[in-house]
1. For the chain, what does the accessible surface come to per residue with a 1.4 Å probe? Please give it in Å².
2. Given contacts defined as C-alpha pairs under 8 Å and at least six residues apart, what's the relative contact order of the chain, whole-number percent?
3. What cysteines in the chain have no other cysteine with a beta carbon less than 4.7 Å from their beta carbon?
4. For Cα pairs less than 8 Å apart in space and 6+ apart in sequence, what is the mean separation divided by the residue count of segment 55-113, i.e. the relative contact order in percent?
5. How much of the accessible area of the chain, in percent, comes from carbon and sulfur atoms when a 1.4 Å probe is used?
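The values are calculated or read from the model by the stated rules, or taken from the named source; none is laboratory data. Just so you know, these numbers come straight off a predicted model, no measurement behind them. When we count neighbours, we look across all protein chains shown, and the Cβ atoms used for this are built from the backbone with ideal geometry, even at glycine. Surface accessibility is based on the protein's heavy atoms, side chains included, excluding ligands, DNA and RNA. Shrake-Rupley method; radii C 1.70, N 1.55, O 1.52, S 1.80 Å.
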Amino acid sequence: MNDCLFCKIVKGEIPSTKVYEDELCYVFNDIAPTAPVHFLAIPKEHIASAADITPENSAVVAHIFEVIAKLSKDMGMTNGFRVVSNCGESAGQTVHHLHFHVLSGREFTWPAG
Ligand code: 5GP
Ligand code: ZN
């Protein structure tokens with residue numbers, strides 16, 4: 001997946017502002033934040049989207065949500081936060097490497113867009 005933007009970020013070929021990293025996942029600030037806190041949590045392994053999660057690769061998704069829960073405490077996101085994964089064209093997915101937006105620091109409306 002040499003042409004994948006987020007694979008390049010994981011490999012350090014494109015710079016990013018790291019929030020957290022371990023052997024399975026990488027977390028970094030979104031380049032165009034839409035909230036005071038806006039980071040992206042991604043598996044290091046290339047998975048194209050939420051529609052490509054399978055029994056074979058789903059463990060990393062549970063791991064990412066454990067990391068998000070820990071970061072929410074460490075970063076003091078006590079008023080709440082939103083986790084979003086856009087999947088496919090109609091949902092507005094622009095980078096085809098599974099990612100979870102984590103947004104906090106303001107009020108959010110629902111339903112979204
Ligand atoms: P999507 O639109 O696929 O749900 O989310 C992709 C996100 O990646 C967008 O919020 C966009 O701002 C972010 N993004 C795109 N290119 C880069 C980049 O080069 N670096 C970082 N840190 N974020 C990026
Ligand atoms: Zn990728």
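1. Details: 6780 Å² over 113 residues.
On a per-residue basis, 60 Å².
2. In percent, rounded to a whole number, it is 30.
3. Among the cysteines of the chain, those whose Cβ sits 4.7 Å or more from every other are Cys25, Cys87.
4. Values: 30 pairs, mean separation 18.4, N = 59.
Computed value for segment 55-113: 31 percent relative contact order.
5. Values: 3720 of 6780 Å².
So the carbon and sulfur contribution to the accessible surface is 55 percent.
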